[in-house]
1. I'd like the antiparallel share, as a percent to the nearest 5, of DSSP beta bridges with both residues in the chain.
2. Evaluated at 20 °C with a viscosity of 1.002 mPa s, what Stokes-Einstein diffusion coefficient in µm²/s does the stretch 104-257 have when Rh comes from the Kirkwood expression over alpha-carbon pairs?
3. Per-residue HN-Hα couplings for the stretch 20-32, Karplus 6.51 cos²θ - 1.76 cosθ + 1.60 at θ = phi - 60°, whole Hz, x for Gly and Pro?
4. Calculate the dipole size of the stretch 3-256 relative to its Cα centre from +1 charges on Lys and Arg beta carbons and -1 charges on Asp and Glu beta carbons; express the result in debye to the nearest 20.
5. Distance between Cα centroids, the stretch 47-87 to the stretch 5-39: provide it in whole Å.
6. Rank these residues by their accessible area, most exposed first, probe 1.4 Å: I187, I215.
7. Could you tell me which residue out of H243, N126, G152 lies farthest along the dipole of the chain toward its positive end? Charges go on the beta carbon: Lys and Arg +1, Asp and Glu -1, centred on the Cα centre.
8. Ignoring ligands and nucleic acids, what accessible area does R186 show with a 1.4 Å probe (Å², nearest 10)?
Amino acid sequence: MDELSIHNLHAGIDGKEILKGVNLTVRKGEVHAIMGPNGTGKSTLAYTLMGHPSYHVTQGEVVFKGVDVLALKADQRSRLGLFLAFQYPVSIPGVTVANFLRTALNARRKSQNPEDKGIPIPEFRNMLRDRMDYLKMDHAFAGRYLNDGFSGGEKKRTEVLQMAVLKPEIAILDETDSGLDIDALRIVSEGINALRGPDLGVLLITHYQRLLNYIKPDVVHVMLDGRIVESGDADLALHLEEHGYDWVREKYETALS
Ligand code: ADP
Ligand code: MG
């Protein structure tokens, strides 16, 4: 099945349980937003889904295209079609954006077709230029070392460029809006919107509603204390913006007691 299905996921770090039973299904073609106060486990969910080695799953399952995702290493998850844009992207001095993207693209192509010999360099160059134009990025970017000295906006734009090149099937974007001024936010959002379509499912993690003014989600979820406790349509985000999270917390605590 072409959906990312998360069932009763429990996970944590350093022996501390942070995710306490997450249930969520993201289908290709859908954009889901996860909102919630700081410290409720949103980034933990993103890292756990991508197989960050510091995060340990204690219960539950994650299935994508019929494959047990939790049994795969991070690079295998990426080749399967999952993509994570980090809240704090790492820099890799010595590796250019172009080389990084070509290596990642070739790994993905090879996993789709073991006979693949890699994209010819001229073809890759043209494709990269084309995608950079699309995202209004200076071509000089391709020759810079990955994230090395990049501004917040440049890092985020580079992540959207990665998506445009790698064409993941499910993209998980953690706080894509953090540290962006309004122009950068608009460009990044336009980039994500341009990539939206039947072949891409998006899990958009955000603390603020403002990103959702630019990228309209199909479904909005609220995470509290390591669980998704409320889901609704795009209007739920507006309601949260106006009324905060207290009412969700009260409703959730009443339900538990
Ligand atoms: P969010 O992204 O929703 O703000 P996080 O997933 O980053 O939340 O964090 C969830 C919880 O995990 C927080 O209470 C945080 O303090 C805790 N946490 C994060 N890293 C560690 C760690 N290395 N050891 C123990 N607790 C941690
Ligand atoms: Mg976070």
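1. Bridges in the chain are about 60 percent antiparallel.
2. Value of D from the Cα-based Kirkwood radius: 121 µm²/s.
3. Result, ordered by residue: 10, x, 8, 10, 6, 10, 10, 8, 4, x, 9, 10, 10 Hz.
4. It works out to roughly 980 debye.
5. First find each Cα centre; the distance between them is then 12 Å.
6. Largest accessible area first, the residues go I187, I215.
7. Ranked along the dipole, the leading option is N126.
8. 100
The values are calculated or read from the model by the stated rules, or taken from the named source; none is laboratory data. These numbers were taken from a predicted model, which means no experiment stands behind them. Every residue, glycine among them, receives a Cβ derived from its backbone with ideal geometry; neighbour counts consider all protein chains shown. Accessible surface is based on the protein model in full, side chains and every heavy atom, while ligands, DNA and RNA are left aside. Shrake-Rupley method; radii C 1.70, N 1.55, O 1.52, S 1.80 Å.
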